[in-house]
1. Kindly list the number of the only condition in (1) more than 26 Å from A:LEU26 (Cβ to Cβ); (2) small (Gly, Ala, Ser); (3) within 17 Å of the chain's Cα centre (by Cα) that fails for A:GLY110.
2. Which residues, taken from the range B:53-72, are within 9 Å of chain A (Cβ to nearest Cβ), crowded, with 20+ Cβ neighbours inside 10 Å and not basic (Lys, Arg)?
3. Read through the list (1) closer than 19 Å to B:TYR46 by Cα; (2) away from chain A (no Cβ under 14 Å), then give the number of the only condition that B:LEU239 fails.
4. Quick check on A:PRO186: is it more than 17 Å from the chain's Cα centre (by Cα) and over 23 Å from A:ASP371 (Cβ atoms)?
5. Restricting attention to the range A:73-90, does a residue exist that is closer than 17 Å to A:ARG12 by Cβ, of a type outside the set (Asp, Glu) and either surrounded by fewer than 24 Cβ atoms within 10 Å (Cβ to Cβ) or assigned by TED's automatic domain parsing to the domain that holds A:VAL279 (or both)?
6. Would you point out the residue of the range B:149-175, among those that are hydroxyl-bearing (Ser, Thr, Tyr) and either buried (at least 19 other Cβ atoms within 10 Å of the Cβ) or without any contact (Cβ under 8 Å) to a residue 60 or more places away in the chain (or both), that is farthest from the other protein chains (Cβ to nearest Cβ)?
7. Name the single residue, out of those in the range B:73-97 being within 13 Å of chain A (Cβ to nearest Cβ) and of a type in the set (Ser, Thr, Tyr), that is nearest to B:TYR220 (Cα to Cα).
Amino acid sequence: MTLVTDSELSRRAAPADLASTERVRLRAATWIGDVAAWASRRLGRGSGASIRGQVMTKLAPDAFGQLVRGRRIASVTGTNGKTTTTHLLAAAVREALGGDARRLVTNADGANLHYGIASALSTAPRADIAVLETDERVVKDLIAKGRPEVLVLLNFSRDQLDRNHEIKFLGRSWREALEAAGEDGPVVVANSDDPLVTWAAQKAPKVVWVDTASTWSADAALCPNCGGMLDRTERSAEHPTGAWDCPDCELTEPQASYAVIGDQIRLPDGRLVDPQLKVPGKFNIANAACALGAAAEWGIDADTALTGFRTVSAPAGRFSTATIEGATVRLVLSKNPAGWSESLPLLVSDPVVLAIDSVAADGKDVSWLWDVEFEQLAGRHVICTGPRAYDLAVRLSYAEVDHEIILDLGQALHRVADGPQPVDLIATYTPFQKLLKMGGLR
Amino acid sequence: MSPDESPAVPTPADADRPEDAALPSNPATDKPVKIVLIYQSLLGIYGDQGNAKVLRKRLEWRGIPAEVVLVEPGEPVPSDGSVYLLGGGEDNAQTTAVRLLKADGGLFEGLAGGAVLFAVCAGYQICGKTFTIGENDAVREGLGLLDVTTVRGPERAVGEILTRWTKPDGTTSLISGFENHGGWTTLGPEATPLARVESGIGNAGDGTEGAVQGKVIGTYPHGPVLARNPELADHVLSLALDVELAPLPQVQDEHDGLRRERADFVRRHR
């Protein structure tokens, strides 16, 4: 049975038919990549997706280009929310495909660079529908080589400034890629609350605007088009940061088809739906609204999509619960100040555990700790852990939040094992991956 | 105390002062000490607003009332601030900030009245005579508060930085932070370097870091730099209030721990 309302998803695509030499080469690269991934798993070094992709990219340098060709692709990108939104959209597609779900491939593990995507696609050579989490830097290549049908642009905010010096740079690369694709470009589902996303999306042949009621506007003071100071209207429940407009040029917040209103989502027909997600937080309602917009482009009605969404509870380990060192821990991943600002209100336990690292994957500069309102934790006890626990401890002292430092992750969790359970924990990328492993979740 | 410091007793109080001058306050009035954080939405992408939080708490913990006034574009910059703060941001934001600050005038009035300006990274650059923006190196006029000029350097300076700062009493202390800047800054005769680079790039790979001219201090490190270096924070406050401040026991252990951890990290990785 298939629940697709019209012919949108029933049209089958044929993943690129390769020349025989290319096919042999790719197959060999895939096989050797599989062996490397298997070895990596046996050695307990993670899922093996990255190593498989690296091997493949080495042996068949255009593996990415070959594997994305000819598929029907929906891509999800942005600073925060990529993994969860990808899982939601994939779940909606799976629900709509019913018995045909093997047509779907997705990079569910969050490996979203060229080789992560190539790795996921290589595992399903005949799957003609791909829902791909895509790193912000890879979007340009994916548009050029994979010609996605749908592209979800979630948001832009400061992140890993030690390597992304200018936030606008990535927005410009999206805009240029969309401009280059012209009429062949994807339908873009874009967050109209975000001026840089809006500016980038303008070059798409069709845009579905989603008002996400986002609360982070700290990276959107200037107009991405002309550099003028953006005006903002009074804050309201519907617009926590006010609606934005550039007084110096024509860029202005577009009228949205989908809107987050409190805990509900307003659909284009005016109907309000309660998503009742299994993943927590207002930001995930925003992610769901974007996923609804994308699903609709493939003819998946809102009710089918929402049924799919409700099967998603711990995308790539996010929001999962694990038992580590005798403590039952609810694991939240946050990578940057916008993410932390959204996650802190989710913490309900006392004590809470916060884990900070600063290797390349986390961003080497942790000054952003001072852009997060840790003051809201006053009255609770915080265990500061991870290699940059001292930075966090100093931050909490100046926020007058009670805390202690336990550098070792395992010892920090051991410390909270005797208290009330579960214990809420937020971690940056590297400690989060370590915790998933310690909890047997990967 | 930081791990690498020379004297056992920091910041000796001036013996000539009346006893009570060592503690509070904002003499003359009971008004709280005003710390003015300028244009967070333009010059606030690197967490430098933490400098305001640190200064305020370090006053309050000493029993000195303090307030942080956040000024955004379109709002007047108060001229009665004791400390003005500028932080890091992107090129376009720099140009906008200069234009607005010149039109407003409040910062200049405040400085004429004896206030301190502490400026970081992009904020430091705009205090100079000129700086450049964009890939075409367009030259922009700065606020003219520091005798420095900034142009795009041969490489971007990104990473932990460690410098040695000579304090007013002649002893030295390490300043630790994270630098992230494409512009390289050259000092003219009116400005003196804030510190000597031990590890990192600093102003222009020439061994100097930051600039001081009167009560205007410019420096590159984030961290935020005053959270990493409480003695520098207290120096800024001493300059602003014109009093010596006794050392503050609060948070000292954690500051020491953080400074030791960062200094070790830099030495391990250089």
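1. The single condition A:GLY110 does not satisfy is (1).
2. B:VAL54
3. Condition (1) is where B:LEU239 drops out.
4. On the way: more than 17 Å from the chain's Cα centre (by Cα): yes; over 23 Å from A:ASP371 (Cβ atoms): yes.
Criteria met by A:PRO186.
5. Applying the first criterion (closer than 17 Å to A:ARG12 by Cβ) to the range A:73-90 yields A:73-74.
Still in the running and of a type outside the set (Asp, Glu): A:73-74.
With the extra rule that they be either surrounded by fewer than 24 Cβ atoms within 10 Å (Cβ to Cβ) or assigned by TED's automatic domain parsing to the domain that holds A:VAL279 (or both), the set shrinks to A:73-74.
Looking through the range A:73-90, at least one residue is closer than 17 Å to A:ARG12 by Cβ, of a type outside the set (Asp, Glu) and either surrounded by fewer than 24 Cβ atoms within 10 Å (Cβ to Cβ) or assigned by TED's automatic domain parsing to the domain that holds A:VAL279 (or both).
6. B:THR166
7. B:THR95
One line per residue, one yes/no per condition, for (1) over 23 Å from B:GLY81 (Cα atoms); (2) assigned to a strand (DSSP E or B); (3) of a type outside the set (S, T, N, Q):
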| site | (1), (2), (3) |
| --- | --- |
| B:GLY218 | no, yes, yes |
| B:ALA233 | no, no, yes |
| B:PRO249 | yes, no, yes |
| B:GLU254 | yes, no, yes |
| B:GLU261 | yes, no, yes |
| B:ASP264 | yes, no, yes |
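The values are calculated or read from the model by the stated rules, or taken from the named source; none is laboratory data. Keep in mind that what you see is a predicted model, and the values were worked out from it rather than measured. Heads up, the Cβs are rebuilt from the backbone with ideal geometry, glycines too, and the neighbour counts pull from every protein chain shown.
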